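Comments concern the structure below.
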């Protein structure tokens, strides 16, 4: 059970990382300044979670 | 402190108004008002609080994203088109039976997850397409999808508002099954038949011509298995809670998505679809994250407490006469955070006054999701509009069409509030 | 400190001797105590009775049927409800009302005297359920035993006079034993 | 917008966001890694950790200290825990006073200060808790982690869509799978928090605990406040203690409540049901936890004064009184310490021959007079082998 739980937990970090990656790509690609700002705010919790800080 | 918290609320409102006036999006205007309130309250920028608030709906965001990814894969594989065709062929001569069946379909995802968005994002497009082919206008279809999604979110076994408020009030989540079921089923059926009963029965040949053609190899096994896996995973967690590892909804959706990817008759570019999904959901995720930040600043400055205090110090008769407005509006403002914020003090209050807390909380927990159509967050309303590619006006068409069924449901809930003791026989298993 | 103690003693003696105009009946042993609202009051009454040398059994879920053929001479019912747990874990006041009404009716038919008790202070006079519990028990009691702190607002004084039910008051929990002795005429 | 302008905006945003990330990350890490110092009191004969009783917990975030205060003379064994909900500071502070001060003359006292350590390493998003609070001592200030009601998601992720309690199968809100007082009696191979509970049950069983006490605080809007909640096995002790304390020590009464049989996962129910120990839970009022509270800060946490909560009281919405004096931490800690001592005294009366004699623990009036910090020793003056970290 312990190993399965670890795999599940790891997969959540992977999901977070993937979302953060897409957000980052969007920040770079977008031509709308407001979008860029908003996406930059949204990415914050994802980054801190991936780094296991919060 | 009353004055201070009052000023904070005014600052939030004014900054939001100014922000929108200068053409800022809702999310950024809200972020700005949180920032202004934070600066006024602390005299600096409380970075830790701003960032911490962003985590409030982190897990809910993950559910939204993964659920949408799953359904987008079903769409791209031709599964939705396949199911729509099959439903229409099977049911096109029995309008009422079709509506009944579709109500049932709409109730399932939200009932199992507690999220109205899950209904919209998983079966919204499918049911919406069928409804439109049944001669129901685009606006009425959107209204049906939204309201049934709200009812599904409120439906048992999972009602997140009731669960969160019950947790805050140290009540076991027991006895809610029947009251919630009665209100939500009546609400959903009323909505479906009120908005969808009229309309011309579809001419089968014409529709089948218009509908997109699914890939030849698509069949019930291919499209049904991922849904079956999803249901099995959710139900297994409930039936064998001590044997099943805790997967969490996001992972369940991903596993089902993977199954769809494997079973799809045509090759799917999963990375592209995932990217597209996240991009389409950024406004939803954005609003959830910004609302979290705002709530944190409101809690910090006492503004949240002031709102909460203002509500619970209203006389009980006035609460009965106004909760049908207060609860949906507060949901529009704060999302799930209203359950602990207003739900817990209200439950304590009603319990103190001798009302049946289970019936009271059940009624409130159906009123809240109705507010998911209201600004500034309007999470499920917006999701509905996005998913259905709705072309009408949000307030003047979509919201207006929802009003009568909304009023019906809210009135029903108010009856449950007032007669909670008389209805306490419903508190069963 | 000495002054405080002196004052307290005087007040206590005063309150203990304070009996309303109605005559206090003498209660007989053995007694059985139950609670209208499942608060721990009944347990406390039993413990105090034990210390005071009054034979008393505690049955939180005592029913009318339990009284039939029993040798109890006094039924004590404590007022005030338990707050722990709401919903499925809480106390069902409608059921409690039914049980206690039937119980008191049977008790009277069988010649038992009924003593109403509110001994847990204002914390059992907070909500509607507490009020309901008092409403059920108080008018049907032959006498009342009340903790002073339950009567901060004079509610019991006023109400017992209105209903013409004799009441005996005590201040500290440890003084309740004396009040019980007086009620049961135990030396 | 010109592309040049856009790039400037993006760069500026990036700088701001990175700054916010760095500042907040430092603050979160400082909180999660902060170590509270505890000076083992004169009767502490051994300091074990939770992992000594259940191996899988060893060296994890949950591996809190277990202080064993043994008189060497046979008698009753009491186990007192603080920190079940680390957002309730009177609980861990009271447990710490016991660990630093108590002298055992008979029997054994076991103390855990940070029962759910993981929950003390995070504050709740959306609730704006302060990260730390400080207690004034005779030798300076002592700093503590403020925590949450629930285990840190970094240690337990994801949550189920609904939490089904083991073994009763009662359904609870999803996040309560991380609520240490909803996961008793725990599960050997269960979730992170269930395993922590399981480990605590091993202490209770292996140490043959006679009486278990769980310190808590509650909002004033909540019906169960200023009370001792007792399992059936502890009813007489709790009733007696509440009557004696109300008569003799406290200005505002303390009541008692029976542990409801149909509310599962709580220590007062499950510890009593699944072990031989009597189980009691103490509640003191903490206005900081009220939903109607005003400004959320350290003052409110420690002084317990809040005009909004007071106003709610004026409207008759509270189950405990509150005035301008509030509910300061001294009063709350004082009530816990005195209640624990009174329970011991009544236990001794009821169990002659199997007493527990606890000395040197300050009572209610003394703590109010001298302050909580007066009872914490200066680690700088102590031998390093007496110093432990939470």
Averaged over its residues, how many other protein chain Cβ atoms are within 10 Å of peptide B:17-26's Cβ atoms? 1
Normalised convex hull volume, the protein assembly as shown, alpha-carbon set, Å³ per residue: 178 Å³
Region A:2-50: relative contact order as a whole-number percent, Cα under 8 Å and 6+ apart: 43 percent
Which order do the peptides A:26-32, B:128-134, D:363-369, C:32-38 come out in when sorted by mean C-beta neighbours inside 10 angstrom, highest first? C:32-38, B:128-134, D:363-369, A:26-32
Calculate the FRET efficiency for residue B:45 and residue C:101 from the Cβ-Cβ distance with a Förster distance of 56 Å, rounded to the nearest 0.05. 0.30
Kindly rank D:317-327, B:359-369, D:80-90 from highest to lowest mean number of other beta carbons found within 10 Å of each residue. B:359-369, D:80-90, D:317-327
Nearest-ten-degree value, helix D:235-248 long axis tilted from longest Cα axis of chain D: 80 degrees
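Ranking request for peptides A:9-17, C:116-124: highest mean number of other beta-carbon atoms within 10 Å first, then the rest in descending order. Working shown, then result.
Values: A:9-17: 16.9, C:116-124: 25.4.
Averaged packing, sorted descending, gives the order C:116-124, A:9-17.
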Give me the inter-chain shielding for D:220-228: mean count of other chain Cβ atoms within 10 Å, whole number please. 5
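Helix-only mean residue ellipticity at 222 nm, chain B, DSSP H runs n ≥ 4 weighted -39,500 (n - 2.57), per residue, nearest 500. What is it?
For chain B, the value works out to -23500 deg cm²/dmol.
Write down the percent of antiparallel bridges among all DSSP beta bridges whose residues are both part of the protein assembly as shown, to the nearest 5.
40 percent
When Cβ neighbours within 10 Å are restricted to other protein chains, what is their mean count per residue of peptide D:304-312?
The shielding value for this peptide is 4.
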Hull surface divided by four, with the convex hull built on the Cα atoms of region B:3-104: how many nm²? 11.3 nm²
Round to the nearest 10 and give me the degree value, 0 to 90, for the angle of helix D:192-206's Cα axis relative to the longest principal axis of chain D. 20 degrees
For chain A, find the longest principal axis of its Cα atoms and tell me its angle to the long axis of helix A:2-29, 0 to 90°, nearest 10. 10 degrees
Note: probe point = Cα of residue B:186 + 7 Å toward Cβ; backbone nitrogen < 17 Å; residues of region B:406-429 passing the test are B:406-428
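Every read-out reported here was derived from the displayed coordinates using simple, explicitly stated rules and does not represent laboratory data. Computed from a predicted structure; not experimentally measured. All Cβ positions, glycine included, derive from the backbone under ideal geometry; neighbour counts span all protein chains shown.
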